[in-house]
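Computed from the coordinates by the stated procedures, all read-outs in this text should not be read as laboratory data. If you're wondering where the values come from, they're calculated on a predicted model, not measured in any experiment. FYI the Cβ positions are ideal-geometry reconstructions off the backbone, even for glycines, and counts take in every protein chain you see.
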Amino acid sequence: MKKALSVLNQLEKSRIIERYAIGGAMAATFYVEPFTTFDLDVFVIVPQTPSAMFFSLSSVYEALHAMGYSDEKECVLIEGIPVQFLPAYNPLLEEALAQAQDLLYEDVPTRVLLSEHLAAVAVQTGRAKDRMRVQMFLDAGVLDLAKLNGILLKYGLEEKWKQWTGSFQ
Amino acid sequence: MEAMDRQFSVKEAGTAYAKEGHRKALRTLSYPEKVKVVVELQRIAAPVLRARGRAVKVWDLA
């Protein structure tokens, strides 16, 4: 993990990616008790040409392949860890990435998305496992509800949140 | 019968309390320690998932 994070930092330093942060289950694990997952989801902002019509991660994959790392299904296997790169493809994810929390993993700097952004992204994504993740956050009391409400309102997710949390009771 | 019910209920509550205590303890681990627990969980889950035809890789933290 430490080595994989160092590689991500190297990609950022060499401007292959503008910014990255851990998302998904491994970001959730930072806030709640550990649970089973097999991928390290990493949200990235990649420098794009002004004329680009869609988000392309090809420069990231090319750089990693040149470093000797190979693809494993939808991931790249970096130092023993399958890393899935996900572009920040909407304003909520862009904000989440911009405000991600800096931390040290042992002595390696990295970032994780804030729990409130993870919850909002979970509501937006809306899969069964996202719903379970929101429940875990609520059970663990790791959400700043005022901050979360602001995010939900900003991105039009408050109704879905009410439906979800209503059904938890 | 009533006493048995009460005893069972207390036992259940104790188990739930212990489980919740365990979950709380896990929440307070450092991130690297949590990652080690995730890998242990992967080791437990991988054979079951592979038997179901899902290809999974247990992380190598070395």
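When both bridge partners sit in the range A:2-113, DSSP labels roughly 70% of those beta bridges antiparallel. Give the residue from A:Ile45, B:Leu26, A:Ser70 lying farthest towards the positive end of the charge dipole for the protein assembly as shown; charges sit on Cβ (+1 for Lys and Arg, -1 for Asp and Glu) and the dipole is referred to the Cα centre. After comparing all options, I get B:Leu26. Computed FRET efficiency, Cβ-Cβ of A:Thr125 and B:Ala62, R0 35 Å: what is it to the nearest 0.05? For R0 = 35 Å, the calculated efficiency reads 0.60. Calculated FRET efficiency, A:Gln163 to B:Arg43, Cβ-Cβ distance, R0 = 35 Å: about 0.40 to the nearest 0.05. What residues of the range A:99-126 lie in the reach of a label at A:Leu153, counting those whose backbone N is under 18 Å from a point 7 Å from the Cα along Cα→Cβ? Taking a point 7 Å out along Cα→Cβ of A:Leu153, the residues of the range A:99-126 whose backbone N falls under 18 Å are A:116-117, A:120-121. In summary, the lysines within cross-link reach of A:Lys147, defined as a Cα separation below 16 angstrom excluding same-chain residues under 8 places away, comprise A:Lys162. Diffusion of the range A:8-141 by Stokes-Einstein, at 25 °C in a medium of 0.890 mPa s and with Rh set to the Kirkwood radius over alpha-carbon pairs, works out to 158 µm²/s. The mean count of C-beta atoms from other chains within 10 Å of the C-beta of residues in A:35-44, rounded to a whole number, is 4. Of the residues A:Ile78, A:Ile45, B:Ile44, the one with the fewest other Cβ atoms within 10 Å heads the list, and the complete ranking is B:Ile44, A:Ile45, A:Ile78. Take each residue of peptide B:40-47, count the partner chain Cβ atoms within 10 Å of its Cβ, and average: the result is 2. With respect to the cross-link table entries A:Lys154/B:Lys24; A:Lys160/B:Lys34; A:Lys2/B:Lys24; A:Lys3/B:Lys34; A:Lys73/B:Lys34; A:Lys129/A:Lys160, which display a Cα-Cα separation exceeding 20 Å? Beyond 20 Å: A:Lys154/B:Lys24; A:Lys160/B:Lys34; A:Lys2/B:Lys24; A:Lys73/B:Lys34. Do the sum for chain A: with -39,500 (n - 2.57) for every DSSP H run of n ≥ 4, divided by all residues, what is the mean residue ellipticity at 222 nm, to the nearest 500 deg cm²/dmol? The helix-only estimate for chain A comes to -14500 deg cm²/dmol at 222 nm. Taking the three principal axes of the alpha carbon atoms in the protein assembly as shown, the coordinate ranges are 74, 42, 36 Å, sorted in descending order. Using the average count of surrounding beta-carbon atoms within 10 Å as a protection proxy, the listed peptides B:18-26, A:55-63 rank, highest first, as A:55-63, B:18-26. For the protein assembly as shown, the share of DSSP beta bridges that are antiparallel, to the nearest 5, is 70%.
Give the Debye-formula value of log10 I(q)/I(0) at each listed q (0.16, 0.19, 0.21, 0.32 Å⁻¹), with one equal scatterer per alpha carbon of the range A:117-165, two decimals each. Summing over Cα pairs of the range A:117-165 leads to -0.36, -0.51, -0.63, -1.44. Which residues in the range A:84-118 have a backbone N closer than 16 Å to a point placed 7 Å from the Cα of A:Gln48 along the Cα-to-Cβ line? From the range A:84-118, the list is A:86-98. With r defined as the distance between the Cβ atoms of A:Gln135 and A:Tyr89 and R0 fixed at 25 Å, what FRET efficiency is calculated, to the nearest 0.05? The pair A:Gln135/A:Tyr89 has a calculated efficiency of 0.50.
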